[in-house]
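Right, one structure below, let's go through it.
The values are calculated or read from the model by the stated rules, or taken from the named source; none is laboratory data. Just so you know, these numbers come straight off a predicted model, no measurement behind them. Here the Cβ is made from the backbone with ideal geometry for all residues, glycine too, and neighbour counts use every protein chain on show.
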Amino acid sequence: MNANMLQGRRALVTGSVQGIGLAIATELARQGATVVLHGLPDLKAQAIAQAVLREVGQAELQMLSHDLSDPQQVEQMMKETLGSGPLDILVNNAGIQHTAPLAQMPRQRWDAVMAINLSAAFDTMRLALPGMMECGYGRIVNIASVHGLVASVNKAPYVAAKFGLVGLTRVAALEAAQAGSRSSGGVTANCICPGWTETVIIEPQIQQRAAQFGGDRDAGIRDLLREKQPSGRTSTPQEIARTVVWLCDPAAHNLTGAAIPVDGGWTAQ
Ligand code: NAD
């Protein structure tokens, strides 16, 4: 991979003011891409994200804060993004989680998880793909989950949305397969399927486990990993981000329609 491989490319990363999204935005910017940041309107998180991107050399910053649970706002976000320049890389990363047994899952949580984790990606892809196919280079990277490949209890909407995201991505990969060429880099669509990755989204589950060990957080994490993730190690957001950069390499023009696990062997079992 060449340094500055993504010079001249423009990327939108949804949910990029923290966690995995911020790490992806940072790694793309480090490779020379101009990244449009997006996240809920949390001024402190937005300021930190902007400072991180400035540190890796991005001078001009565009920050969007549309609520992706609302289809009209998703459309508006894409209008603003595409209105200020072509989009080469789209990373659908924003996501929420709610854990409860299926029979006790509130209908509203189902709707919210499906809207943010799946339907928003449908709309961003629908609006971004034509421009990518016209210019012959495009990368759609959807941050799914191991739960796009296997199920777990208490996660009905999350599992349904992430399985849906994997299917949606495969359709996009097929429809864009013939766009561009080896030299232009082609248009690809892939999912990354992380296992346990240390961000705030898994904190409630860590705390729940820690409570079984007298509040010992490390013991809680060890117990979560022992159950499902054979490596016994969490991933860092930066490690997920390096996989995104790899997919954006023009040399990855034939790597499309994949759901790539970064899960320490979880889905190999
Ligand atoms: P996080 O909670 O730190 O980040 C979620 C991001 O989504 C935030 O930037 C937030 O602003 C954004 N977001 C949430 N609701 C939104 C809304 N209504 N409108 C717009 N943006 C909204 O979590 P994370 O761990 O960084 O998660 C990123 C992605 O990775 C998610 O799709 C998640 O499902 C996936 N994932 C995480 C793990 C893990 O272990 N952390 C594992 C597998 C998959």
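Listed residues VAL244, VAL187, VAL171; which is away from the ligand (no atom under 15 Å from the Cβ), in a helix (DSSP H, G or I) and either under 30 Å from SER69 (Cβ atoms) or of a type outside the set (Phe, Trp, Tyr) (or both)?
Answer to the check: VAL171.
For the stretch 1-35, enumerate the residues that are away from the ligand (no atom under 16 Å from the Cβ), among the polar types (S, T, N, Q) and at pLDDT 95 or above.
Correct list: GLN7, GLN31, THR34.
For the stretch 146-154, does any single residue satisfy the condition of being under 17 Å from LEU68 (Cβ atoms), in contact (Cβ under 8 Å) with a residue 24 or more places away in the chain and of a type outside the set (Val, Ile, Thr)?
The answer is no; no qualifying residue exists.
Just need a number here: residues in the stretch 223-241 that are in contact with a helix residue (DSSP H, G or I) (Cβ under 7 Å, 6 or more places away or on another chain) and part of a helix (DSSP H, G or I).
The number of residues fulfilling the criteria is 7.
β-branched (Val, Ile, Thr), more than 19 Å from GLN72 (Cα to Cα) and surrounded by fewer than 20 Cβ atoms within 10 Å (Cβ to Cβ): which single residue out of VAL141, VAL159, VAL150 fits that description?
Answer to the selection: VAL150.
Is there any pair with a first residue in the stretch 190-214 that is within 14 Å of ILE96 (Cα to Cα) and a second that is surrounded by fewer than 19 Cβ atoms within 10 Å (Cβ to Cβ) and among the small types (Gly, Ala, Ser) whose Cβ atoms are under 6 Å apart and which are 6 or more apart or on different chains, and what are they?
Correct list of pairs: empty, since none qualify.
Taking the options GLY220, GLY180, GLY264, GLY215, name whichever one is surrounded by fewer than 19 Cβ atoms within 10 Å (Cβ to Cβ) and either outside any loop (DSSP other than H, G, I, E, B) or out of contact with any Asp or Glu (no Cβ under 7 Å at 6 or more places or on another chain) (or both). Steps first, please.
Numbers: GLY220 fails: surrounded by fewer than 19 Cβ atoms within 10 Å (Cβ to Cβ); GLY180 fails: surrounded by fewer than 19 Cβ atoms within 10 Å (Cβ to Cβ); GLY264 fails: surrounded by fewer than 19 Cβ atoms within 10 Å (Cβ to Cβ).
Exactly one of GLY220, GLY180, GLY264, GLY215 is surrounded by fewer than 19 Cβ atoms within 10 Å (Cβ to Cβ) and either outside any loop (DSSP other than H, G, I, E, B) or out of contact with any Asp or Glu (no Cβ under 7 Å at 6 or more places or on another chain) (or both), namely GLY215.
Can you tell me which residue in the stretch 90-135 is farthest from the chain's Cα centre (by Cα), limited to those that are surrounded by 22 or more Cβ atoms within 10 Å (Cβ to Cβ) and away from the ligand (no atom under 16 Å from the Cβ)?
Going through the qualifying residues, I end up with MET132.
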